[in-house]
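Following: one structure in structure tokens, then a few remarks.
Bear in mind these aren't lab numbers, they're just calculated from the coordinates by the rules spelled out. These numbers come from a predicted model, not from an experiment. Cβ placement follows ideal geometry from the backbone for every residue including glycine, while neighbour counts extend to all protein chains displayed.
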Amino acid sequence: MDPASHPAQEPASEAPASEAPDLTRRSGKTKRAPVIMDALHEAYEGGRVELDWETPFQLLVATILSAQSTDKKVNQITPTLFARYPDPAAIAAADEAELEALLRPTGFYRQKTKAVQGVAAALLEDHGGEVPETMAELVALPGVARKTANVVQSAAFPEAHARDPEAGIAVDTHVLRLSRRLGFTTHTDPTKIERDLMRLWPRARWASGSLVLILHGRRVCDAQRPRCADCLVEHLCPSSQLAGCRDKAGQARALG
Ligand code: SF4
């Protein structure tokens, strides 16, 4: 179901019958969060990574390439990229100019060429050419921060993600913006936002919670023009433009 197809809602703070009758956009985040996340999970069927990938290495590379780009653009180039350079050894040994030409459509292609060759070399050097499963090992790879590590671990190694004490929640620009708009955090620093979300969501929701916020951000809660009239959690959102609220994304929108 595409939430964008929801009929416009009135700006009233009335909750659906299945919710606590006194739950409004002014309720505390610990009361609103489970209801909001349940609604988004149902609407987006638990979320999904929109990057195309078949192996953990492909997901790692695609996630690195998605920085400052779109999943659609990355998906357009990765079939050719992985057909030509299928594994870390091939990417590490690739001609730099050829790789740059392939990565060019994703933007920042010189930095991204260095990043994927650097990570491929580190995988060969330290992990026998395999992507490691733990957060500690993932974030130790060159150019891999917690967002990328969380995306890779939660999608490619869900069992490791479920038991790893270092595991967390992938906070990209959409998660950052929606977490602020929905009043789940007041921070703008992704690490602090991740910590707030980890306290607010049950661990079983860490992986899918990030994915459904990303989908809602892409389809409904746009950075510049949130479509609050089409938003299924509008009645619980303290930033609803429809209800005349202040946009709590604030600085996050400027960052996005
Ligand atoms: S700002 Fe608007 S679109 Fe975004 S979550 Fe709130 S009500 Fe929904």
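Structure summary
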item	result
Exposure proxy ranking, count of Cβ atoms within 10 Å, fewest first, for K72, K147, K114	K72, K114, K147
Ranked list, fewest to most other Cβ atoms within 10 Å of each Cβ, for I169, I64	I64, I169
Estimated translational D of the chain in µm²/s (Stokes, Kirkwood radius over Cα pairs; 25 °C; 0.890 mPa s)	128 µm²/s
Sites D38 and A97, calculated FRET efficiency, Cβ-Cβ separation with R0 51 Å, nearest 0.05	0.55
Exceeding the 21 Å Cα-Cα cut-off - candidates K31/K248; K72/K112; K112/K192; K192/K248; K72/K248	K112/K192; K72/K248
Nearest-0.05 FRET efficiency for Q224 and K72, computed from C-beta distance (R0 25 Å)	0.85
Centroid-to-centroid separation of the range 182-247 and the range 106-174 [C-alpha atoms, Å]	24 Å
Estimated dipole of the chain in Debye, rounded to 20 [Cβ of Lys and Arg +1, of Asp and Glu -1, Cα centre]	1180 debye
Two-site FRET efficiency, R203 against A145, from Cβ-Cβ distance with R₀ of 22 Å, rounded to 0.05	0.55
Scaled radius of gyration (Cα, divided by 2.2 N^0.38 Å) that the range 99-201 gives	1.20
Computed over the range 31-140, Cα set: Rg, Dmax in Å	16.2, 54
Inter-label distance, nm, simple model (7 Å from Cα along the C-beta direction), T30/D87	5.1 nm
Signed unit charges on C-beta, dipole axis of the chain, positive-most listed residue F184, A243, P79	A243
Gaussian network model of the chain, springs between alpha carbon atoms under 10 Å - residue of E159, E54, E100 with greatest fluctuation	E54
Per-residue ³J(HN,Hα) for the range 192-203, Karplus 6.51 cos²θ - 1.76 cosθ + 1.60, θ = phi - 60°, Hz, x for Gly and Pro	6, 5, 4, 5, 4, 5, 5, 6, 8, 9, x, 4
Added length on full extension, which subtracts the Cα-Cα distance from 0.36 nm per residue, F108 to E54	17.0 nm
³J(HN,Hα), Karplus 6.51/-1.76/1.60, whole Hz, each residue of the range 220-228, x for Gly, Pro	10, 8, 4, 4, 8, 10, x, 8, 4
